[in-house]
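Below is one structure, written out as structure tokens; the observations come after it.
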Amino acid sequence: MIKTEHVTKVYKDTVVALEDVSIEVQKSEFVFVVGPSGSGKSTFIRLLLREEEPSRGKIFVAGKNIANLSAWKIPYLRRNIGTVFQDFKLLPDKTVFENVGFALEVIGKPRHVIDRRVPEILELVGLGGKLNNYPEELSGGEQQRVSVARAFVNRPLILLADEPTGNLDPTTSVEIMKLLDRINRTGTTVIMATHDNAIVDAMRRRVIELDEGKVVRDQARGVYGYGA
Amino acid sequence: MARRSGYFLRETALALRRNALVTFAAISTVFISLFLLGGALLVERQVRLMTGEWASKVEVSVFLRDDASPEEVEALGRRISEIPEVEEVQFEDRAEAYANFRELFRDNPALVENVDPEAMPQSYRIKLVAPEEFPVIRARLAGDPAIDQIRDEQALLKKLLAVTRVLRTGVIAVAAIMLIAAMGLIGNTVRMAVFARRKEIAIMKLVGATNWFIRVPFLMEGMVEGMIGGVAAVLAIFAMKFLFIDPLRGQIAFVPSWIDTPEILVTVPILIGAGILIAAVASLLAMRRFLEV
């Protein structure tokens, strides 16, 4: 599903964010990308979303090299990738329903599809009763569920999560992880960047560890601990 | 597209309301520049109208001495018609001259009553092959005993044309500068709209909205501003017609015909089209700078 070949990303010719990263992620895998701040996790996510181009190397998503994708095709790449962030990125003046519906509306889905799919997905994430609430009326965990619902409402092949539990307490984080696990079980490939060791240790999934832009560990059913 | 037009309309209306003041500044600048442009176009049409009317009339008047004998008058007539630069020559006797005089000053009966028909001069009215041949005629006819005065009837028109040409160029230059300012202001409203919606834009990019889908509301916002400015300019021009041109109609002797609704209607698509076009260009330029998609 995702494959990188010798990917290097250098900023301003001097700062090396990623160096010679070659990994392969199969369809419906669940992968943690771990490492300290500045290790290159976020750059890795941004490259997969084609928010940036690699300085060298190839990145294949669903069989296509996206390293030199023409600009007008980028939106279509992103329709196959759902994204969840630490700061939820919800629109405060839109209701829960509108926030999720917005993701479908702006890619041109017809009204009847929105009206059917949005309540369905919100039911799935456990917010069936809060369709008309505004984000500020929800707890952090609930807001992140809305954001997961938005990422998943278009049934993407891949879900990218960048520190999705970074702003949440441990109990709520576990709830979000259960949700991501459920989504993963539907066949969606999940890649999650995190430095939440408790979660990584509890899930026992594949762990790719980055340090100063290099892959220092790639372990099936791994734990967070350095060099473990 | 129908399902999307709802979205675009909503977003455009919202953006226009959100930056009311900047939007107002942009629209009024478009309005002023297009109003000036429309004014210049109409002055041009008015001048052309007058030129056409005058050019078809007499170009040179040869007034005769009161004491010229009929033989002298006839001889002069032959001389004139033999000049190759003359296209047409007509004799105007005292009665005709008086009739023309009365027609020209019909709004001033006191003046007409005080003039004796016998005091009107006889004249030859000459139409030239080319209006600029006047000096040739003057030279050819110089010294003829029957002639009192030779007058270039187009001299005033030529001066008027020169003045209006300068005026028109000036107005168009001002309109052009205003249009550039208007483009800047429209660009600024687009920039503010982009800024106000940066969160939505970020999410739209993330979930895979196409660039055009993201751009259209901003483009429409700019174009609506341009269109409102253009419509306002058209309305103002019609207001000027009712307030200034209509009352003058028939009041000024040497301007027998004035531009009217058909001439103004011609400028309507030009002004509104120009408003929309410059707004679209300004919006697209602003998006290139402020909206990286």
Quick one: A:ARG56 ticks every box in (1) in contact (Cβ under 8 Å) with a residue 24 or more places away in the chain; (2) touching a strand residue (DSSP E or B) at 6+ places or on another chain (Cβ under 6 Å); (3) surrounded by 16 or more Cβ atoms within 10 Å (Cβ to Cβ) except a single one, so which number is it?
-> (3)
For region B:215-256, how many residues meet the condition of being within 14 Å of chain A (Cβ to nearest Cβ) and farther than 18 Å from B:THR12 by Cα?
-> 0
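Scan region A:136-157 residue by residue and report those that are surrounded by fewer than 19 Cβ atoms within 10 Å (Cβ to Cβ), over 14 Å from the mean Cα position of the chain (by Cα) and touching a residue at least 12 places away in the same chain (Cβ under 8 Å). First the steps, then the outcome.
Here is the first cut: in region A:136-157, the residues surrounded by fewer than 19 Cβ atoms within 10 Å (Cβ to Cβ) are A:136-140, A:155, A:157.
Checking which are over 14 Å from the mean Cα position of the chain (by Cα) leaves us with A:136-140.
Those that are surrounded by fewer than 19 Cβ atoms within 10 Å (Cβ to Cβ), over 14 Å from the mean Cα position of the chain (by Cα) and touching a residue at least 12 places away in the same chain (Cβ under 8 Å): A:GLU136, A:LEU138, A:SER139, A:GLY140.
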For region A:141-168, what are the residues that are more than 18 Å from A:PHE32 (Cα to Cα) and in a loop (DSSP other than H, G, I, E, B)?
-> A:VAL153, A:ASN154, A:ARG155, A:PRO156
Of the conditions (1) within 14 Å of another protein chain (Cβ to nearest Cβ); (2) within 24 Å of A:LEU157 (Cβ to Cβ); (3) of a type in the set (Lys, Arg), A:LYS94 clears all except one; give me its number.
-> (2)
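Could you identify the single residue in A:VAL100, A:VAL33 that is among the aliphatic types (A, V, I, L, M), touching a Leu at 6+ places or on another chain (Cβ under 9 Å) and away from chain B (no Cβ under 14 Å)?
Working: A:VAL100 fails: away from chain B (no Cβ under 14 Å).
Just a single option satisfies the conditions, and that option is A:VAL33.
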Given the conditions (1) closer than 25 Å to A:PHE88 by Cβ; (2) within 14 Å of chain A (Cβ to nearest Cβ); (3) surrounded by fewer than 17 Cβ atoms within 10 Å (Cβ to Cβ); (4) among the aromatic types (Phe, Trp, Tyr), which single one is not true for B:TRP212?
-> (1)
Search region B:14-28 for residues that are touching a residue at least 12 places away in the same chain (Cβ under 8 Å) and pair each with any residue that is of a type in the set (A, V, I, L, M) and loosely packed, with under 15 Cβ neighbours inside 10 Å when their beta-carbon atoms are under 8 Å apart and the residues are at least 6 apart or on different chains.
-> B:ALA15/B:ALA196; B:ARG18/B:ALA196; B:ASN19/B:ALA196
Every listed condition ((1) farther than 25 Å from A:PHE32 by Cα; (2) within 14 Å of another protein chain (Cβ to nearest Cβ); (3) not in a loop (DSSP other than H, G, I, E, B)) holds for A:ILE121 save (1)
B:PHE195 is checked against (1) modelled with pLDDT under 90; (2) under 37 Å from the mean Cα position of the chain (by Cα) and fails just one. What number does that condition carry?
-> (2)
Which of the residues belonging to region A:62-91 are part of a strand (DSSP E or B) and within 13 Å of chain B (Cβ to nearest Cβ)?
-> A:ILE81, A:GLY82, A:THR83, A:VAL84, A:PHE85
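Yes/no matrix, rows are residues, columns are (1) farther than 30 Å from A:VAL106 by Cα; (2) of a type in the set (Val, Ile, Thr); (3) in contact with a helix residue (DSSP H, G or I) (Cβ under 9 Å, 6 or more places away or on another chain):
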{"residue": "A:LEU157", "(1), (2), (3)": "no, no, no"}
{"residue": "A:ASP162", "(1), (2), (3)": "no, no, yes"}
{"residue": "A:PRO170", "(1), (2), (3)": "yes, no, yes"}
{"residue": "A:ASP181", "(1), (2), (3)": "no, no, yes"}
{"residue": "A:ASN184", "(1), (2), (3)": "no, no, no"}
{"residue": "A:THR194", "(1), (2), (3)": "no, yes, yes"}
{"residue": "A:ARG206", "(1), (2), (3)": "yes, no, no"}
{"residue": "A:GLU209", "(1), (2), (3)": "yes, no, no"}
{"residue": "A:GLY222", "(1), (2), (3)": "yes, no, yes"}
Mind listing just one residue for me: the one in region B:246-268 that is crowded, with 16+ Cβ neighbours inside 10 Å and in a helix (DSSP H, G or I) and, of those, modelled with the lowest pLDDT?
-> B:GLU263
Could you list all residues from region A:62-87 that are surrounded by 22 or more Cβ atoms within 10 Å (Cβ to Cβ) and of a type in the set (A, V, I, L, M, F, W, C)?
-> A:ILE81, A:VAL84
Any chance B:VAL73 is away from every other protein chain (no Cβ under 14 Å) and under 25 Å from B:ASP152 (Cα atoms) | yes
Given the conditions (1) within 14 Å of chain A (Cβ to nearest Cβ); (2) at pLDDT 85 or above, report the number of the one that B:GLY187 does not fulfil.
-> (1)
Within region A:10-24, is even one residue surrounded by fewer than 16 Cβ atoms within 10 Å (Cβ to Cβ) and within 18 Å of the chain's Cα centre (by Cα)?
-> yes
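The values are calculated or read from the model by the stated rules, or taken from the named source; none is laboratory data. As the structure is a computational prediction, the values presented were derived from the model and not from experiment. Virtual Cβ from ideal backbone geometry, glycine too; neighbours counted across all protein chains shown.
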